[in-house]
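Here, each number is a calculation from the coordinates, and none is a lab measurement. Keep in mind it's a predicted model, so treat the numbers as computed, not measured. Cβ sites come from the backbone with ideal geometry, for glycine too, and all protein chains shown count toward neighbours.
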Amino acid sequence: MVQVSSPTVDSVLLERIDAVPALAGRTAVSDLSGGLTNRNIRVTTPEGTYVARLSSPESALLAIDRVNEHANSRAAAASGAAPAVIAFAPEVSVLVVDFIEATTWGNADVLHPANAGRLADVCRQLHAGPRFVNDFDMLRLQPQYLALCLERGFRLPDRYLDFRPHVTALSAALAVRPQPTVPCNNDLLAANILDAGDRLWLIDYEYSGNNDPFFEVGNLWSEAAGTPDDLGRLVAAYVGHPSAALTARARLWGLMSKYGWMLWASIQHGASDLDFDFWSWGMEKYDRAVAEFDGPDFGRLLEEVRSTD
């Protein structure tokens with residue numbers, strides 16, 4: 001989820017890397033920026049260059065299943081949208097994938113009009129690939145996160161529980177014209193998109209699962225803090241034509257993602273000992289969610305998502 005610079009590779013991490021046969025004979029290691037639920041380390045061996053993803057014990061608390069992540073990473077690679085999986089060593093919590101020479105995107109790249117078609121192409125490639133081994137639904141994950149926050153007394157932002165009726169209405173509206181689920185990354189923040197020049201790659205399958213494809217599009221737009229026009233362009237590129245109903249669907253899913261990921265931040269704020277301001281990170285999303293829940297477009301979106309173009 002959160003992307004930060006990582007500290008130097010220490011001896012404990014090197015021991016875990018050396019426990020993976022595929023990384024034997026390493027000739028160089030260097031840290032890569034990455035998420036807080038894993039460490040990403042570039043490892044060079046005589047056979048090639050790879051990324052070793054070392055997961056942390058916090059994964060289970062955040063509903064991350066590393067066995068599922070491995071299986072889904074293999075399926076994503078088979079689709080052609082993700083790097084090849086080289087090895088998985090669950091006993092030391094290390095997943096190894098091919099290193100891709102590419103530029104990591106920022107939010108401006110996600111929202112640039114010239115990139116809408118490229119994003120749509122790689123998302124469709126992933127979505128048309130082999131099914132994943134599990135499902136993902138923010139409407140189910142958010143209540144699980146909320147129960148954990150309430151049970152452990154983790155901090156909730158002001159008015160968080162006041163929006164439960166809005167979520168009920170949102171869920172009912174989305175259910176009127178359900179979409180077939182497809183394999184989704186479900187965490188397409190800009191830093192999980194690599195640009196190799198001739199093509200894009202999608203990485204990091206911690207939260208992957210079969211899901212409504214318009215959650216993928218809406219979450220991608222939400223993470224980049226785009227405008228409604230930005231979302232309309234992404235949806236049109238994905239489906240091949242403008243669609244008010246499907247843009248409303250993606251926007252409602254983007255709203256639900258902001259509301260749900262706020263609780264991810266609450267859990268991290270309450271449980272993690274990492275030196276990172278999870279609360280502010282989550283509140284940036286939550287404040288945008290509140291503006292949409294309270295704003296003039298919410299009721300219209302509930303109607304549009306029920307309609308046909």
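Karplus couplings for the range 249-262 from phi (6.51 cos²θ - 1.76 cosθ + 1.60, θ = phi - 60°), rounded to Hz, Gly and Pro as x?
Calculated HN-Hα couplings, in order: 4, 5, 5, 5, 5, x, 5, 5, 5, 4, 5, x, 5, 4 Hz.
Take C184, C149 and order them by how many other Cβ atoms sit within 10 Å, fewest up front.
Lowest count first: C149, C184.
Enter the angle in degrees (range 0 to 90, nearest 10) between the Cα long axis of helix 228-239 and the first principal axis of the Cα atoms of the chain, meaning the one along which they spread out most.
Roughly 70 degrees, rounded to the nearest 10.
Residues with amide H under 5 Å of T49's amide H, sequence separation 5 or more or different chain, H placed in the peptide plane at 1.01 Å from N; which?
F99
List the relative contact order of the chain as a percent without decimals, with contacts defined as Cα pairs under 8 Å and 6+ residues apart.
17
Just L263, L170, L252 to compare: in a GNM of the chain, with alpha carbon springs under 10 Å, which one fluctuates most?
L170
Find out how many positive minus negative residues lie around E304, taking Lys and Arg as positive, Asp and Glu as negative, among other residues whose Cβ is under 13 Å from that of E304.
Local charge sum for E304: +2.
Can you sort F278, F214 so the residue with the fewest Cβ neighbours within 10 Å comes first?
Fewest-to-most Cβ neighbours within 10 Å comes out as F278, F214.
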